[in-house]
Amino acid sequence: MHNLKKIKRSVDPAKGKRYLYALLMISAMVGLSEATGEKEIIFPEMAALTTGMWIVDKRVWQISKFQFIPLMTLGAIAGICLVRYSPFPLVINLFLAFVFAAFCLVISRTTLIPLISACMLPVLLKTESWIYPLAVCLMSFIILSGQFLMEKTNLRQKIVYTPTTRIGKQELKQWGRIGGSLLLFLSGFVYSSHLYIIAPPLIVTYVEFANSKAGFRNRPVQVFLVLGIAALWGTVLQGILHHYLGLPESLVALTIVSGLFCLFIGINKLFAPASAIALLPLIIPQNDLWIFPLQVCIGAALLITIAMLLFLKCYKWPKSHLIVCLVPDFLRNSSRRPTHQSDKQINP
């Protein structure tokens, strides 16, 4: 009963509308793809961007409104160009896509990490159609316009852009370490053909853990579980509802993201890359569908562990802090049995 009341308190009417608009946005994107027969219109990272820019109450990424559309579009164009014109093998092209996105982030002094996914996804899936960057540009415009209207109508607080400080030698070294470790990781799994272990939203997760100060870095196990659940949920619904029952993918996408949002509300934590992971089953080959969740779980476990050891140096943390980080919030909360007096304080 207490958990139900907590969920109700966490979704105020304004936030509920933001959830609804995000669902409509994602369903419309997939519906347009179905109507035109162009799979390239489905950009799973848009689910992550609507989560971060529409639903989350605080600022998730440091970027100005004037930079958002050009950067996302430029990243998508770079990815297509690498597929169409680069003579290098896949592992090098994936690394070049990462380097280009990282360079854009450094030069623009922004923290829009999903740009990495926009650049790497077409390379991983070998997408050559120019429809992809056009779709990314259009959907980025819709997301930005939606955020602007939500701020104007008081559906969400206005996001104030504060440019990051100039990149110094320490930050450049950090990006160099991220890039070097990522190249080794990419090499190991591209040549073994386990491509979904290096799914772009997982690379975004890796960079966020390595290069961010967000609170989710203290919840590695919970983040891993959310990513794994998102991959399994998206796979099962795509496999059963679309491939077996023949339901429209727009309805499948709506069901996938609705369930994922319920998970976010239930644990009272949102993790944007999980939204993108949940939609990836809509665009991968059907033959790869049922291996996708396993590979995502392996990739998430490895990348989060590497980031925790290499960048966060968790082995230096106090044992008490490490134990807290390894136990998900919802398990810790469920193990707490409040006294009658504390119940009165919580629910007077």
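The values are calculated or read from the model by the stated rules, or taken from the named source; none is laboratory data. Nothing here was measured: the structure is a model prediction, and the numbers come from that model. Quick reminder, even Gly has a Cβ in these numbers, built from the backbone with ideal geometry, and neighbours come from all protein chains shown. Each accessible area value is taken on the protein alone, full model and side chains, heavy atoms only, with ligands, DNA and RNA left out. Shrake-Rupley method; radii C 1.70, N 1.55, O 1.52, S 1.80 Å.
When you look at ILE256, is it touching an Asp or Glu at 6+ places or on another chain (Cβ under 8 Å) and either among the aliphatic types (A, V, I, L, M) or surrounded by 24 or more Cβ atoms within 10 Å (Cβ to Cβ) (or both), yes or no? Considered against the rule, which asks whether it is touching an Asp or Glu at 6+ places or on another chain (Cβ under 8 Å) and either among the aliphatic types (A, V, I, L, M) or surrounded by 24 or more Cβ atoms within 10 Å (Cβ to Cβ) (or both), ILE256 comes out as no.
The number of residues in region 26-74 being under 14 Å from ALA272 (Cβ atoms), aromatic (Phe, Trp, Tyr) and assigned to a helix (DSSP H, G or I) comes to 1. The number of residues in region 29-58 that are small (Gly, Ala, Ser) and open to solvent by 10 Å² or more (accessible area, probe 1.4 Å) comes to 3. Flag set for LYS39, criterion: in contact with a helix residue (DSSP H, G or I) (Cβ under 9 Å, 6 or more places away or on another chain) and basic (Lys, Arg). I'd like the full set of residues that are more than 24 Å from SER27 (Cβ to Cβ), assigned to a loop (DSSP other than H, G, I, E, B) and of a type in the set (Val, Ile, Thr), limited to region 107-156. THR110, THR111, ILE113 - these are the residues of region 107-156 that are more than 24 Å from SER27 (Cβ to Cβ), assigned to a loop (DSSP other than H, G, I, E, B) and of a type in the set (Val, Ile, Thr).
Of all residues in region 239-249, exactly one satisfies the criterion of being of a type in the set (A, V, I, L, M) and either buried (at least 17 other Cβ atoms within 10 Å of the Cβ) or within 21 Å of ILE306 (Cα to Cα) (or both), namely LEU241.
Sort out which residues of region 118-145 are of a type in the set (Ser, Thr, Tyr) and either open to solvent by 90 Å² or more (accessible area, probe 1.4 Å) or within 28 Å of ASN93 (Cα to Cα) (or both), and write them in order of number. Answer for region 118-145, where residues must be of a type in the set (Ser, Thr, Tyr) and either open to solvent by 90 Å² or more (accessible area, probe 1.4 Å) or within 28 Å of ASN93 (Cα to Cα) (or both): THR127, SER129, TYR132, SER140. From the set of residues in region 157-176 that are assigned to a helix (DSSP H, G or I) and surrounded by 14 or more Cβ atoms within 10 Å (Cβ to Cβ), which is modelled with the lowest pLDDT? For region 157-176, the residue satisfying everything is GLU171. Does MET72 qualify as being closer than 17 Å to PRO114 by Cα, touching a Ser or Thr at 6+ places or on another chain (Cβ under 8 Å) and crowded, with 23+ Cβ neighbours inside 10 Å? It is true that MET72 is closer than 17 Å to PRO114 by Cα, touching a Ser or Thr at 6+ places or on another chain (Cβ under 8 Å) and crowded, with 23+ Cβ neighbours inside 10 Å. Cβ-Cβ contacts under 6 Å between residues 6 or more apart (or on different chains), taken from a first residue in region 246-260 that is more than 18 Å from GLY16 (Cα to Cα) and without any contact (Cβ under 8 Å) to a residue 12 or more places away in the chain to a second residue that is surrounded by fewer than 20 Cβ atoms within 10 Å (Cβ to Cβ) and of a type outside the set (Phe, Trp, Tyr), are listed as LEU247/LEU241. Pairing residues of region 107-121 that are closer than 9 Å to VAL204 by Cβ and among the hydrophobic types (A, V, I, L, M, F, W, C) with residues that are modelled with pLDDT under 95 and outside any helix (DSSP H, G or I), at Cβ distances under 8 Å and at least 6 apart in sequence or on separate chains, gives ILE113/TRP61; ILE113/SER212.
Kindly indicate whether ILE92 is modelled with pLDDT of 90 or more, of a type in the set (A, V, I, L, M, F, W, C), in a helix (DSSP H, G or I) and open to solvent by 40 Å² or more (accessible area, probe 1.4 Å). Considered against the rule, which asks whether it is modelled with pLDDT of 90 or more, of a type in the set (A, V, I, L, M, F, W, C), in a helix (DSSP H, G or I) and open to solvent by 40 Å² or more (accessible area, probe 1.4 Å), ILE92 comes out as yes. For region 259-298, the set of residues classified as surrounded by fewer than 22 Cβ atoms within 10 Å (Cβ to Cβ), under 25 Å from THR111 (Cβ atoms) and among the β-branched types (Val, Ile, Thr) consists of ILE267 only. Selection of region 13-28 for residues being among the charged types (D, E, K, R) and surrounded by fewer than 17 Cβ atoms within 10 Å (Cβ to Cβ) yields only LYS17.
Among the listed residues VAL236, VAL226, VAL204, which satisfies the condition of being open to solvent by less than 40 Å² (accessible area, probe 1.4 Å), free of Cβ contacts under 8 Å to residues at least 60 places away in the same chain, out of contact with any Gly (no Cβ under 8 Å at 6 or more places or on another chain) and part of a helix (DSSP H, G or I)?
On the way: VAL236 fails: open to solvent by less than 40 Å² (accessible area, probe 1.4 Å); VAL204 fails: free of Cβ contacts under 8 Å to residues at least 60 places away in the same chain.
So the residue among VAL236, VAL226, VAL204 that is open to solvent by less than 40 Å² (accessible area, probe 1.4 Å), free of Cβ contacts under 8 Å to residues at least 60 places away in the same chain, out of contact with any Gly (no Cβ under 8 Å at 6 or more places or on another chain) and part of a helix (DSSP H, G or I) is VAL226.
Within region 207-223, the set of residues being more than 24 Å from GLY266 (Cβ to Cβ), open to solvent by 10 Å² or more (accessible area, probe 1.4 Å) and not in a loop (DSSP other than H, G, I, E, B) comprises just one member, ASN211. Number of residues in region 177-201 that are assigned to a helix (DSSP H, G or I) and either within 30 Å of TRP290 (Cβ to Cβ) or at pLDDT 95 or above (or both): the value is 16. Exactly one residue out of PHE148, PHE100 is of a type outside the set (D, E, K, R), in contact with a Gly (Cβ under 8 Å, 6 or more places away or on another chain), open to solvent by 40 Å² or more (accessible area, probe 1.4 Å) and over 27 Å from CYS297 (Cβ atoms), and it is PHE100.
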